[in-house]
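Below: the structure, in structure tokens.
Just so it is clear, none of the values below were taken in a lab; they were calculated from the coordinates. Treat the numbers as computed from the prediction; the structure is a model and nothing was measured. All Cβ positions, even for glycine, are placed from backbone atoms using ideal geometry, and neighbour counts span all protein chains on display.
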Amino acid sequence: MATDIYQSPLSERYASKDMQYIFSQDMKFTTWRRLWIALAETEMELGLSQITQEMIDELKAHKDDINYDVAREREKQVRHDVMSHVYAYGQQCPKAKGIIHLGATSCYVGDNTDIIVMKEALKLVKKKLVCVIDELAKFADAQKSTPTLAFTHFQPAQPTTVGKRATLWINEFMMDLEDLEYIMNSLKLLGSKGTTGTQASFLELFNGDNETIDKIDPMIAKKMGFESCYPVSGQTYSRKVDTRVLNILAGIAASAHKMSNDIRLLQHLKEVEEPFEKSQIGSSAMAYKRNPMRSERIASLSRYVIIDALNPAITSATQWFERTLDDSANKRISIAEAFLATDGILELCLNVVDGLVVNEKVIEKHLLSELPFMATENIMMDAVKAGGDRQELHEEIRKLSMEAGQHVKKEGRDNDLLDLIAADPVFNLSKEELDAKMIPADYVGRSPRQVEVYLRDFVNPVLDANKELLGATGVVNV
């Protein structure tokens, strides 16, 4: 590895080899050659006599052995990447040299390849997203009945369960998956539209035969594994397509960020912890620390992806007429890096969720310290049943709750609300009767049932429909 030049952390530290390959030079330029073959085949099949099967066979024989050295040298001379690769391909295919790229403009290979690459990348994102949902579903099911403090405004609120909280994370990822599938399935190729989208070059090639020209794009799409091409375009496909794709990635990043923030807060409370390896160092100074570095990295990369989604939106908004080139440099960076970063986020999510540690005793301790406050309505109802006045009891329990709160916050004492209530004759309840009310599971509402129904009716059908994607595990490189 070179140490005297910049290396992208997305490749070195975060993204998987699979995602790196999708955005590699090999993927890009072999796809260019597949597109040139598809164009030549289509033109031959539609009657261009100057293209022969022998030429097609020659092109196919060299579609994967790209002579990069020839292309690089040529680009130094002509300053044009597409024409450099046309030249290099022609050097390997002398019989077909004269018909490579016939009737096409640079965006034929550039833009169609970008669509193909994004679709492959979305497939990999989908696979990992489904696996994150699967791991979270297992976690939610296992913890569906584990009572825990819920929080509103990060203040203790009515209890929930650990599993029910996990369904909130799942639900957001499920929305992301739905959006991803819609956009991925709606992607179309540019096709071969020419320099301003008018297909004027094909009118010349096919002597003005519009019915034959109408067949070009559908045939190319089929050969490249797509159902159709965008019906109209300038020289490029609309850059709004890139905006739609990166908005999906930004949505996934937002969901992952929310989950990772919750885990970081829970780790501060010592209730739930992300995996921590035996030899892992939490702090260079404080040896006892177990910092939630994976969740922090998820949050960090997620912010990058969310902001990066602005790039294609601004690029789309600022395109002039049928084509300008101010998209190119931005596009080749922003699209690739958004996918590489999202891949890293999902790898981390898989790793974290698969190894989440639930500290049930700590959770119980925190819950029991707050439960007397939350049980006051039930206590009040029992006191009414014993002959008390509801309005009088409400006022008295309000005063005692304030007093107990002051003991906790001002004096650092344990919550003594039950002792205060037991000592107040207006309630006519013993300490033993009050302690019997301190069963956390009685205060979680329908949480266990909600988890069961949500997983059964909404999550599991999606997992069953995508079972061939399951089984991926998250790898943390450093």
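A few comments on the model shown:
- Cα pair distances in the range 388-478, grouped into 5 Å bins until the bin that holds the longest one, percent each: 2, 10, 12, 12, 12, 8, 7, 7, 7, 8, 8, 5, 1
- DSSP-defined beta bridges in the chain - what % are antiparallel, rounded to 5: 90 percent
- Compactness of the range 376-437 is given as radius of gyration and Dmax, 11.4, 35 Å, from Cα positions.
- Whichever aspartates and glutamates have a C-alpha closer than 12 Å to that of residue 215, once near sequence neighbours (fewer than 8 apart) are set aside: 43, 45
- By the Kirkwood approach, averaging reciprocal distances over each pair of separate Cα atoms, the range 237-384 gets a hydrodynamic radius of 18.5 Å.
- Unit Cα scatterers, Debye sum, the range 115-198: log10 I(q)/I(0) for q = 0.15, 0.16, 0.23 Å⁻¹: -0.69, -0.74, -1.03
- A P(r) calculated from all alpha carbon pairs of the range 105-146, with 5 Å bins opening at zero, reads 6, 20, 13, 12, 11, 9, 8, 7, 6, 4, 3, 1, 0 percent.
- Sites matching trypsin sites (Lys or Arg not before Pro) across the range 441-478 that sit in DSSP coil, with at most 14 neighbouring C-beta atoms within 10 Å: 446
- Alpha carbon convex hull of the range 25-99, projected area averaged over orientations, nm²: 4.6 nm²
- Orientation-averaged projected area, Cα convex hull of the range 180-273 (nm²): 8.1 nm²
- For the range 36-163, the fraction of C-alpha pairs farther apart than 18 angstrom is 70 percent.
- The lysine pair tally for the range 1-152, using Cα distances under 20 Å and a gap of 8 or more places or different chains, is 20.
- Under 23 Å between alpha carbons - lysine pairs in the range 376-437 that sit 8 or more apart or on different chains: 8
- Summing charges over all other residues whose Cβ lies under 12 Å from the Cβ of residue 18, with Lys and Arg as +1 and Asp and Glu as -1, gives +1.
- Counted by Cβ distance under 14 Å from residue 141, the other residues give a net charge of +2, where Lys and Arg count +1 and Asp and Glu count -1.
- Order of 339, 173 - criterion: other Cβ atoms within 10 Å of each residue's Cβ, fewest first: 173, 339
- Fraction of alpha-carbon pairs over 21 Å apart in the range 298-380 - percent: 59 percent
- Summing Lys and Arg as +1 and Asp and Glu as -1 over all other residues whose Cβ lies under 13 Å from the Cβ of residue 86 gives a net charge of +1.
- Kirkwood Rh in Å, taken over all unlike Cα pairs in the range 61-112: 11.3 Å
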